[in-house]
1. In the set (1) 1.16; (2) 1.00; (3) 1.05, which value of Cα Rg over 2.2 N^0.38 Å was calculated from the structure you see?
2. Going 7 Å from the Cα of H442 along its beta-carbon direction, which residues of the stretch 399-424 have the amide nitrogen within less than 19 Å of the resulting point?
3. Cα axis of helix 204-217 to longest principal axis of the chain: angle in degrees, 0 to 90, nearest 10?
4. Determine the relative contact order of the stretch 36-397: mean sequence separation of Cα pairs under 8 Å and six or more apart, normalised by residue count, in whole percent.
5. What aspartates and glutamates could a cross-link reach from K446, if we take a straight Cα to Cα line under 16 Å and drop same-chain neighbours fewer than 8 places away?
6. Rounded, prolate or oblate for the stretch 376-505? Axes are the square roots of the Cα gyration tensor eigenvalues, ordered a ≥ b ≥ c, and the cut-off for rounded is a/c under 1.5.
7. Using alpha carbons only, how many degrees (0 to 90, rounded to 10) separate the axis of helix 152-163 from the longest principal axis of the chain?
8. Looking only at Cβ-Cβ distances, which cysteines of the chain have no other cysteine closer than 4.7 Å?
Amino acid sequence: MKKQFITLLLIIWATTVVAQNKVIINADSAKTIISKHIYGHFAEHISRVIYDGIYIGENNPEIPNTNGVRNDVIEALKKLNIPNLRWPGGCFADTYHWKDAIGPKSERKAIENLSWGNYREDNSFGTHEFLNLCELLGAEPYLAVNMNSGSVQEAVEWVQYVNHPNGTSYLTDLREKYGRDKPWKVKYWGIGNESWDCGGHMNVEHYINLYKQFATAMTDYFNSKKLFRIAVGPGFPDYNWTEKIMKDIPARRFEGLSIHHYAVNWDHKSSSYEFNDDEYFMIMEKAWFMEEFIIKNSEVMDKYDPKKRVALIVDEWGGWYDPDPRGNGALYQQNTMRDAMIAGITLNIFNNHADRVRMANLAQTVNALQSVILTIDEKMILTPTYHVMEMYKVHQDALLAPVTVMSNDFVRGDKKLQAVSVSASKDQSGKMHISLTNIDNHNDQKVEIALKGFAAKKISGRILTSKNIQDHNNFDNPEKIAPKAFDDASLSGDKIHLTIPANSVVVLELEK
């Protein structure tokens, strides 16, 4: 009887803890900087992202704000060390005219948001409000130029308005008249957005010709006023588009190439918080595709740019599901542990390709798609994605420690995915951080980590997890999911052993 009982215990154990995963970290080979800009965000004019989410107006007595921007949102984003913020779109940028949204609020032109719901916007949040917000956050602004319905002259004048010294033109006089003496010195400029789709349904040849017009005019001919200009790359596996961009745009005319990828099943998006195991697995497949997408685009870029001068910019990424009607806004969706898994593996992918990926923007910041923050009236909650971004901020501007991962499979039917993803870095203080994500929502994962070139003496950690992959924070229970101390990692010589619970994100900190 005793023997049968022991056998039963072993069977139970085997179903919850699978064979050991092995990770090798080559700390002595750390030389590539993980740009902090990989941890950027995106705020498009989609329903409640800007108005009501970020901006509530200067005359709102109900919610504490600074110049109309919610103080709770400002403080939450500051804690992420948010490095950059992309605005105003997205597809919204393709019909946006910046001059409509400067000057006295009462004189601004109200518009119809043609991209997201055809609702009215009063343009009270414009260039000044956005760039001042970036200053409050200590974040670099990333402006998306309207190439679809805008003109080259409009783009040139936007650059002059925000960047040139006071008194150099009527535009800088106008900026001073509207309350801003010194320039904001905006570095990052996206020239076009999804030009293969909502940005004009262009073919790549047409886009390249138009791009060269914009990029040449937006700075002086010899490019002494240095901008970081980002050309539109593919949003799906069209590597011919990437090849044409790299081949046909002169090197001195662009500094970055953008790609977009969402973890989404376009045929059946499903609920953001009521989904089954099959739907979860499919989204994990889409999330893991980011690795292949980056590798194949990088291979094309390497042919023409072996020194990796041009940055690969993933300026839209995240999960995309059916809108949650409880959120009272287009593309509003709940944020669950599934989204924490997307964030964990995606950021690990970005970190591990930091030699080419040097900026990324999570879509979106507040109240749409894979947001880090949700608001309703005076209430605000932080999502599981927020907590992953906060845990991973230790990698910002740290040295990438190359990793080799031998992972168990996450199996669903006849399909399988890598269960464990890992990235590691060494910061300026000499500490090492290792981030691990276990996307298997039924099995814990035993992991052995071998350290090469880093003699660790002390280890600590944090974990984000919950019982079910559908679990989430809501306004009645805003802290159901939050990081906690993780004390289950043991250090023995140059080896670390730990068990990562199902659907969990762990970040370890090592000190010498």
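1. (2)
2. Taking a point 7 Å out along Cα→Cβ of H442, the residues of the stretch 399-424 whose backbone N falls under 19 Å are 408-420.
3. 60 degrees
4. On the way: 702 pairs, mean separation 71.0, N = 362.
Dividing the mean separation by the residue count of the stretch 36-397 yields 20 percent.
5. Cα-Cα hits under 16 Å: D409, D487, D488.
6. On the way: a/c = 2.06, a/b = 1.30, b/c = 1.58.
Cα axes put the stretch 376-505 in the oblate bin.
7. 80 degrees
8. C134
Throughout, read-outs are computed from the coordinates displayed, never taken from laboratory work. Just so you know, these numbers come straight off a predicted model, no measurement behind them. Note that each Cβ is placed from the backbone with ideal geometry, even for glycine, and that neighbours are counted across all protein chains shown.
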